[in-house]
Each structure stands twice: as C-alpha cells, then as structure tokens.
C-alpha cells in the first residue's frame, strides 16, 4: 500500500520546486525563526557538492535507482516498514532525477539555519532529499525476518 505514496510524493516534490523557482531567491528567508530558512539553490551535482556538473549522469542514475525500487516493490510483498522505506527512496530518487534531466540541476530550498556545529553548514535540501533520508533511516530500522535453516 505505501507504493501509492510514490506518485503523490513526486508530484508534491515537483510542485514545491516550481513554487520555489517562482517565489524564492538565493537570499535566505526565515521560515521557522533561526532554525529553518527558505533559500533557492540549484545544485548540478549530488549532496555536499559532490560530482558538480554531472546532472545528466546523476539524473539517469536516479531514474535507474527509482525504477529498480519500483520494480522490487511490484515484484514481491514486503512488510509495511520496508515497503514504506523503499517507496520513500523511490520517490526521492525519481523527484531529483526529474530535476536533473529536466532542469539540468536539482532545485533545493530548505536551509537549516542553526549554529549547532554538526549541522551549521548543512547543504540546502528539498522534499526528495527528505524522502531519501527518511527512507534510508526506515530501511535501517525496519525489523528483518531471519531465515531459519
């Protein structure tokens, strides 16, 4: 059932990115005091500035990963937690893949504005990135069945 989230999250992600392109600028605008800002950034690479300028390659890789995850979700039944995690990962990969291939860069707009040392210089991110992060965390935390021999 969590697979229905994939198209909904991709649509919401793309809608928020269109809104960000039309309404935001590179100048940070406070959203939640000093904790969260809205800042428009176009990223032609991956997170943390990796593979800068490789949007085309990363776009196809994102679609490959998203498609593979959709195939896995359709080919067998997973426990709810694992299915939710795979759905979030697929939505995030596809959402950022659309940006990379369609716009040549990922549109980011969420900016943590905190002085906490570990996250003070965290990159600007978007809903697709949140989906990938939440999906990976859920996948790591989801209970697994052990096979008995």
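So, residue 58, is that one over 30 Å from residue 115 (Cβ atoms), surrounded by 19 or more Cβ atoms within 10 Å (Cβ to Cβ) and modelled with pLDDT of 95 or more or not?
Considered against the rule, which asks whether it is over 30 Å from residue 115 (Cβ atoms), surrounded by 19 or more Cβ atoms within 10 Å (Cβ to Cβ) and modelled with pLDDT of 95 or more, residue 58 comes out as no.
Could we say that residue 89 is free of Cβ contacts under 8 Å to residues at least 60 places away in the same chain and under 21 Å from residue 12 (Cβ atoms) here?
Values: free of Cβ contacts under 8 Å to residues at least 60 places away in the same chain: yes; under 21 Å from residue 12 (Cβ atoms): yes.
Yes, satisfied.
Can you confirm whether the range 99-118 contains a residue that is touching a strand residue (DSSP E or B) at 6+ places or on another chain (Cβ under 7 Å), surrounded by fewer than 23 Cβ atoms within 10 Å (Cβ to Cβ), over 21 Å from residue 22 (Cβ atoms) and modelled with pLDDT under 95?
Among the residues of the range 99-118, at least one is touching a strand residue (DSSP E or B) at 6+ places or on another chain (Cβ under 7 Å), surrounded by fewer than 23 Cβ atoms within 10 Å (Cβ to Cβ), over 21 Å from residue 22 (Cβ atoms) and modelled with pLDDT under 95, which makes the answer yes.
The values are calculated or read from the model by the stated rules, or taken from the named source; none is laboratory data. Predicted model only: the values in this text are computed from it and were never measured. Please note: Cβ atoms are built from the backbone with ideal geometry, for glycine as well, and neighbour counts cover all protein chains shown.
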